[in-house]
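Since the structure comes first, as structure tokens, the remarks are kept for the end.
The values are calculated or read from the model by the stated rules, or taken from the named source; none is laboratory data. Small disclaimer: the values here were computed from a predicted structure and weren't measured. Cβ placement follows ideal geometry from the backbone for every residue including glycine, while neighbour counts extend to all protein chains displayed.
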Amino acid sequence: MKQLLLLSILIFIGCKSEPKVEDLPSENQENAFAVTAEDIEKLNYTDYILSPDSEQAIRDWQKYQDLQVNIELLKKANLSFFKVEKKIMQEFINELKAGQPESVNTPAIRSRMTVLETNLLRLQDLANLDNIKKKELLEAIKELLVADVNLKLQINKKFEKEAQQIQVPVK
């Protein structure tokens, strides 16, 4: 009889407990998905600027200037440029390619533009996902920044090579 009474009390206590209610996402959980400017500053890559000759050559390339403004905003964790529909981003990329000046239209620069296009589209896809992990988003941001730097470097190299006065020996 004591055992039955003890068993009844245990069952009563066990059934009395309420199921745990999961808390709403806390600030720490939200921070696990939010990218900050400090996170982007911690990315390890070498940044370059355009040389004066390169700046002069692309001065009228308006879509490239717009891209650079948006990349500077990206460095401050502003992803608004990338949170658009794929069609809008594709139109921007097509206009970027179409407006490319002839002076910077070489195979090496076109290949860097293709890499930049791929990374723009990838970051745009990831930025529009609600459940993307911070690490994946930071990786995509870094790849885009590196692609942009490589394009600048290639443009600089083109004008640096043109500036060299190489004389061919006379036979």
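Here are the numbers for this structure:
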read-out	value
Matching residues, the range 99-118, being of a type in the set (A, V, I, L, M) and within 14 Å of Leu67 (Cα to Cα)	Met113, Leu116
Residue in the range 155-167 that is touching a Ser or Thr at 6+ places or on another chain (Cβ under 6 Å), part of a loop (DSSP other than H, G, I, E, B) and over 18 Å from Leu50 (Cα atoms) present	no
Residue list for the range 125-148, restricted to those being more than 16 Å from Leu96 (Cα to Cα), assigned to a helix (DSSP H, G or I) and touching a residue at least 12 places away in the same chain (Cβ under 8 Å)	Asp125, Leu126, Ala127, Lys134, Leu137, Leu138, Ala140, Ile141, Lys142, Glu143, Leu145, Val146
Identity of the residue in the range 50-65, in contact (Cβ under 8 Å) with a residue 24 or more places away in the chain and acidic (Asp, Glu), that ends up farthest from Val149 (Cα to Cα)	Asp60
Exclusive hit being at pLDDT below 95, surrounded by 15 or more Cβ atoms within 10 Å (Cβ to Cβ) and under 15 Å from Phe82 (Cα atoms), set Ile141, Ile132	Ile132
Residue in the range 83-98 that is of a type in the set (Phe, Trp, Tyr), under 25 Å from Ile40 (Cα atoms) and surrounded by 14 or more Cβ atoms within 10 Å (Cβ to Cβ) present	yes
Scan of the range 66-97 for residues that are more than 17 Å from the chain's Cα centre (by Cα) and touching a residue at least 24 places away in the same chain (Cβ under 8 Å), ordered by number	Glu95, Leu96
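So that you can scan it fast, the table gives a plain yes or no per residue for (1) out of contact with any helix residue (DSSP H, G or I) (no Cβ under 8 Å at 6 or more places or on another chain); (2) at pLDDT below 90:
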position	(1), (2)
Lys2	yes, yes
Leu10	yes, yes
Gly14	yes, yes
Asp23	yes, yes
Asn28	yes, yes
Ile40	no, no
Pro52	yes, no
Asp60	yes, no
Phe81	no, no
